[in-house]
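**Student:** I'd like to ask you about the structure that follows.
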Amino acid sequence: MSRIGKKPVVIPAGVEVKFENGVVTVKGPKGELTQPVDVKLVSVAVEGNEVIVTRDSDVKEKREAHGLYRSLIHNMVVGVSEGFEKKLELVGVGYRAEKKGDTLVLNLGYSHPIEMKDPEGITTEVPSQTDITVKGIDKAEVGNYAAVIRQHRKPEPYKGKGIRYSDEYVRRKAGKAGAKA
């Protein structure tokens, strides 16, 4: 039995979960999310203040889907009640970020600034010139947008310059042998 799949998802106050026609809909104070569920693999039941995901056999596909759908539903419930955020840091001389309306402007040492318009449902905040916070209710979209931002200048191993997650450790390499630092 899936250790994650057999745990019920607790629904906090102010959050409403519905399962109709193979689609789970979660409404909360921060917004609404939907997720289609393959009813051939798992069944979803909303009982009181819990969502229970079950499967009817131990076929490999059903075992895989059991924990997956439970995690997706859990992330939807957490997203509409609390939301998700990813924090990024800019490391490097002259690397800066600023917010102009709903556009994130990055100066990363290129000959031009990089302008990125926030996708629908996601907001970015720039508390300081070297910090970026990506917020939203969909965990996958928040992580994806943070990865897109990071992609513009990944951290490099020699000087450690680039955009990194706040909890990311960049393993440093020694430079050329005999070179003075």
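The values are calculated or read from the model by the stated rules, or taken from the named source; none is laboratory data. Note that this is a predicted model, so its numbers are computed, not measured. No Cβ is skipped: glycine too gets one built from the backbone with ideal geometry, and neighbour counts run over all protein chains shown. Note: areas computed on protein heavy atoms with side chains; ligands, DNA, RNA excluded. Shrake-Rupley method; radii C 1.70, N 1.55, O 1.52, S 1.80 Å.
**Student:** Quickly run through region 129-141 and pick out the residues that are closer than 24 Å to Gly94 by Cβ and open to solvent by 50 Å² or more (accessible area, probe 1.4 Å).
**Tutor:** Those that are closer than 24 Å to Gly94 by Cβ and open to solvent by 50 Å² or more (accessible area, probe 1.4 Å): Gln129, Thr130, Asp131.
**Student:** Something else: Take the conditions in contact with a strand residue (DSSP E or B) (Cβ under 6 Å, 6 or more places away or on another chain) and either under 17 Å from Lys139 (Cβ atoms) or surrounded by 13 or more Cβ atoms within 10 Å (Cβ to Cβ) (or both) and apply them to Ile4. Does it pass?
**Tutor:** no
**Student:** Give the residue that is least open to solvent (accessible area, probe 1.4 Å), with candidates limited to residues of region 142-156 that are more than 21 Å from His112 (Cα to Cα) and in contact with a Phe, Trp or Tyr (Cβ under 9 Å, 6 or more places away or on another chain).
**Tutor:** Val142
**Student:** Can you tell me which residue is least open to solvent (accessible area, probe 1.4 Å) among those in region 49-63 that are out of contact with any Gly (no Cβ under 9 Å at 6 or more places or on another chain) and touching a residue at least 12 places away in the same chain (Cβ under 8 Å)?
**Tutor:** The residue in question is Val51.
**Student:** Something else now. Restricting to region 6-61, name every residue that is within 21 Å of the chain's Cα centre (by Cα) and not in a strand (DSSP E or B).
**Tutor:** Within region 6-61, Ile11, Pro12, Val15, Pro29, Lys30, Val37 meet the criteria.
**Student:** Turning to a different aspect of this structure: Of all residues in region 59-103, which are in contact with a helix residue (DSSP H, G or I) (Cβ under 7 Å, 6 or more places away or on another chain) and among the hydrophobic types (A, V, I, L, M, F, W, C)?
**Tutor:** Listed by number, the residues that qualify are Phe84, Leu88.
**Student:** Next up: Condition first: under 15 Å from Ile137 (Cα atoms), assigned to a helix (DSSP H, G or I) and in contact with a strand residue (DSSP E or B) (Cβ under 7 Å, 6 or more places away or on another chain). Can you find one or more residues in region 66-73 that meet it?
**Tutor:** yes
**Student:** Could you please find all residues in region 69-89 being hydrophobic (A, V, I, L, M, F, W, C) and either open to solvent by 10 Å² or more (accessible area, probe 1.4 Å) or over 25 Å from Ser128 (Cα atoms) (or both)?
**Tutor:** If the condition is that a residue be hydrophobic (A, V, I, L, M, F, W, C) and either open to solvent by 10 Å² or more (accessible area, probe 1.4 Å) or over 25 Å from Ser128 (Cα atoms) (or both), then Leu72, Ile73, Met76, Val77, Val78, Val80, Phe84 are the ones that fit.
**Student:** Out of the residues in region 7-37 that are in contact with an Asp or Glu (Cβ under 8 Å, 6 or more places away or on another chain) and among the small types (Gly, Ala, Ser), state the one that is surrounded by the most Cβ atoms within 10 Å (Cβ to Cβ).
**Tutor:** Gly28
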